[in-house]
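Colleague: Before I ask anything, here is the structure I am working with.
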Amino acid sequence: MIRNAVLSSVALLALAGCNAPEAAKSPEQKAPESAAPAAAPDAAAAEVLTAQGYGPLRIGLTQAEVDAAVGPPPVNVAEAEPSECRQYHPPRAPEGLLVMTEKGVLTRLTAIKGSTVKTADGVGIGYDGEQLKTNYGAAARFSPHKYVEAPAGYLTTWPGAGHLLGTYVADPAARGLVFEIGQDGKVASIHAGGPSIQYVEGCS
């Protein structure tokens, strides 16, 4: 009888063990949480000035599209007739980057002193003019500056359209770059866009 009682106790203990709740897992045993998604790369870091534009500012955009991308022009500029040429710094554009619109269309972008904007090959304000000439070689044409003595001048390139070098370009579909080199031999400004990159006095 005693033997039967012992066997019954053992059976009850075994049954209780089968029904016992699973022990809590240690922190080391817990399933790893999903890793947080990697932060998206800074879009601005990839933006460079090209003959086609800069970031969302693409040559050929309407005035309304430019306003939506970087903000409206200052009041004194906005009051000018839309059919006129406008050159200004939009409120949300990078420092030292000017936009030019003609007849309500974006035709040129200009990087000036204080701008950190650079071209795809790393050329920005202050870049050495002689090195720039070497970089471009026959793909660009150097011409004397209209107002400043040498080594000042203009280095013009029409990517993919070398036959345009040395001519006045009127085709609105043409896209190029003009690097204005100052008397110190350094890049003083960079114009990007259509035929208006040939202007030497703002809108003319």
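The values are calculated or read from the model by the stated rules, or taken from the named source; none is laboratory data. Worth saying up front: this structure is predicted, and the values here are computed from it rather than measured. Counting neighbours? That spans all protein chains shown, and the Cβs are built from the backbone with ideal geometry, glycine included. These area figures cover heavy atoms from the full protein model, side chains too; ligands, DNA and RNA do not enter into them. Shrake-Rupley method; radii C 1.70, N 1.55, O 1.52, S 1.80 Å.
Colleague: Looking only at region 95-148, count every residue that is in contact (Cβ under 8 Å) with a residue 60 or more places away in the chain, in contact with a helix residue (DSSP H, G or I) (Cβ under 8 Å, 6 or more places away or on another chain) and over 15 Å from Leu57 (Cβ atoms) and tell me the total.
Modeller: 1
Colleague: While we're looking at this one, here's another question. Among what's in region 122-138 and is in contact with a Lys or Arg (Cβ under 8 Å, 6 or more places away or on another chain) and within 17 Å of Leu97 (Cβ to Cβ), pick the residue that is surrounded by the most Cβ atoms within 10 Å (Cβ to Cβ).
Modeller: This residue is Ile125.
Colleague: Would you please name the residue that is modelled with the lowest pLDDT, looking only at residues in region 163-191 that are open to solvent by 50 Å² or more (accessible area, probe 1.4 Å) and small (Gly, Ala, Ser)?
Modeller: In this case the residue turns out to be Gly166.
Colleague: Taking the condition more than 15 Å from Gly55 (Cβ to Cβ), β-branched (Val, Ile, Thr) and surrounded by 15 or more Cβ atoms within 10 Å (Cβ to Cβ), does Val70 pass?
Modeller: It is false that Val70 is more than 15 Å from Gly55 (Cβ to Cβ), β-branched (Val, Ile, Thr) and surrounded by 15 or more Cβ atoms within 10 Å (Cβ to Cβ).
Colleague: Before we move on, is Gly194 open to solvent by less than 40 Å² (accessible area, probe 1.4 Å), in contact with a helix residue (DSSP H, G or I) (Cβ under 9 Å, 6 or more places away or on another chain), on the phi < 0 side of the Ramachandran plot and of a type in the set (Gly, Ala, Ser)?
Modeller: Answer is no for this residue.
Colleague: Select from region 69-84 the residues that are more than 13 Å from Val99 (Cα to Cα) and in contact with a helix residue (DSSP H, G or I) (Cβ under 7 Å, 6 or more places away or on another chain) and list them in ascending order.
Modeller: Answer for region 69-84, where residues must be more than 13 Å from Val99 (Cα to Cα) and in contact with a helix residue (DSSP H, G or I) (Cβ under 7 Å, 6 or more places away or on another chain): just Pro82.
Colleague: Can you give me the number of residues within region 63-89 that are free of Cβ contacts under 8 Å to residues at least 60 places away in the same chain and touching a Gly at 6+ places or on another chain (Cβ under 6 Å)?
Modeller: Of the residues in region 63-89, 2 are free of Cβ contacts under 8 Å to residues at least 60 places away in the same chain and touching a Gly at 6+ places or on another chain (Cβ under 6 Å).
Colleague: Then there is this: What are the residues in region 139-156 that are open to solvent by less than 60 Å² (accessible area, probe 1.4 Å) and either in contact with a Phe, Trp or Tyr (Cβ under 6 Å, 6 or more places away or on another chain) or among the hydrophobic types (A, V, I, L, M, F, W, C) (or both), if any?
Modeller: The answer is Ala139, Ala140, Ser143, Val148, Ala152, Gly153, Leu155.
Colleague: OK, next. Read through the list (1) among the polar types (S, T, N, Q); (2) open to solvent by less than 50 Å² (accessible area, probe 1.4 Å); (3) under 18 Å from Glu47 (Cβ atoms), then give the number of the only condition that Thr116 fails.
Modeller: Here Thr116 clears every test but (2).
Colleague: Oh, and also: Taking into account only those residues within region 77-87 that are outside any loop (DSSP other than H, G, I, E, B) and under 23 Å from Val200 (Cβ atoms), which is most open to solvent (accessible area, probe 1.4 Å)?
Modeller: Of everything passing the filter in region 77-87, Gln87 is most open to solvent (accessible area, probe 1.4 Å).
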